[in-house]
1. Quick one: if you stick a label point 7 Å off each Cα along the C-beta vector at T109 and T131, how many nm between them?
2. Taking R0 as 41 Å, what's the FRET efficiency between D231 and A51 from their Cβ-Cβ distance, rounded to 0.05?
3. Starting from segment 77-145, pick out the trypsin sites (Lys or Arg not before Pro) whose DSSP state is loop and whose Cβ has at most 11 other Cβ atoms within 10 Å.
4. If the chain between S221 and N258 were fully stretched, how many nm would it gain, using 0.36 nm times the residue separation less the Cα-Cα distance?
Amino acid sequence: MIMKYKGLLKKVLALVLILFLGIYFTGCKEEIPAPTLGLFITVNGFTVDIAAESTGAASWQWNYGDGTVSDSVGSHSYTYATGGDYTIECTVTGDGGETIKTKAVTIATIEELLTGGSGAANGKTWVLSRTVGGNDGVGHIKEELVPNIFPAVNNMLDVIGLPDEYDNEYTFYFDGSYSLNNINGDVMSPWIYSSFEVDPGDIVHTTGYGFFQITYPNPESATWSLSENADLTIESVYDEDIDIGPKVGVPLTVQYENVDYITFTGDGFIGLKDYTTTAMIREISPDRMTITLFYHEYMGDPENDGALYLRPSLALTMSYDAK
């Protein structure tokens with residue numbers, strides 16, 4: 001009987017020893033920490049530039065707060081479709097668990113970027129930029145040129161020959177009003193007007209692309225309105241035999257989808273006088289705006305081709321800086 005209990009005791013002691021050693025070695029095992037995460041965000045218009053670093057992360061998960069998620073690794077950029085307040089959440093997961101960080105961002109609407117917002121009593125003023133963007137340039141409005149339609153030029157001011165003192169100011173107000181300060185009394189016009197009889201004292205021809213300056217009074221009751229993510233139809237015209245002549249006007253309807261554009265009334269305009277009343281916003285940030293204007297280049301015969309000669313045939317993309 002005693003021998004029987006001795007055997008049982010040995011088994012119990014062995015089991016206790018195994019449990020003790022298991023607990024001991026488990027406690028001595030080095031614990032793996034959760035991944036580290038550094039998150040920095042810069043807002044530039046509708047785009048957020050995200051700088052993110054992590055050690056120990058095997059996977060990444062992003063939630064931008066607008067219903068979009070991604071598994072982008074580390075630093076990247078994200079562009080919102082509309083303005084608003086968003087919370088960006090980043091989750092990194094590794095052997096030691098997961099780490100979550102959030103950042104709140106405010107994305108300004110196009111209207112706020114354009115006007116400075118409802119708190120900007122004096123509106124927001126834009127001036128023609130002295131540097132060009134990658135899309136600045138001139139192009140014919142053709143189907144095959146939509147939507148990437150404009151070749152870049154080296155220096156817009158050199159191309160159109162504007163003097164350095166050309167610094168007209170275009171101011172947008174949050175309530176839809178608009179003002180233009182033609183500091184020197186001159187504005188730009190396309191070359192079609194060079195065929196008109198204008199007092200030589202009121203017009204100064206410039207080089208390249210047929211642009212010139214013409215004296216024009218500041219509009220007194222101009223307004224503007226904004227259309228976002230809307231379709232824009234341009235009734236255009238082009239010349240099939242532009243290098244042969246005579247010019248043959250061919251009507252062309254160009255449809256832009258999901259674009260942002262400004263519509264002016266009351267003689268309002270920006271950059272170029274006497275174009276279509278619509279200026280398409282290509283890019284906008286707090287400091288810079290790039291727009292496309294559609295203007296008249298085709299010199300048709302109003303006796304033979306009706307109103308075709310009044311349709312725009314060229315598009316000009318220009319950049320502006322916030323003053």
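1. 3.1
2. Details: r = 37 Å, r/R0 = 0.90.
The calculated FRET efficiency here is 0.65.
3. On the way: sites: K101, K103, K124, R130, K142; in loops: R130, K142.
Here no trypsin sites (Lys or Arg not before Pro) fit, given the DSSP loop and packing criteria.
4. Values: separation 37, 0.36 × 37 = 13.32 nm, distance 2.92 nm.
Gain on stretching S221 to N258: 10.4 nm.
Every number in this text was worked out from the coordinates using simple rules, so none of it is lab data. Computed from a prediction, not measured in an experiment: that's the story for all the values here. Methodologically, a virtual Cβ is constructed for each residue, glycine included, from the backbone with ideal geometry; neighbour enumeration extends over all protein chains shown.
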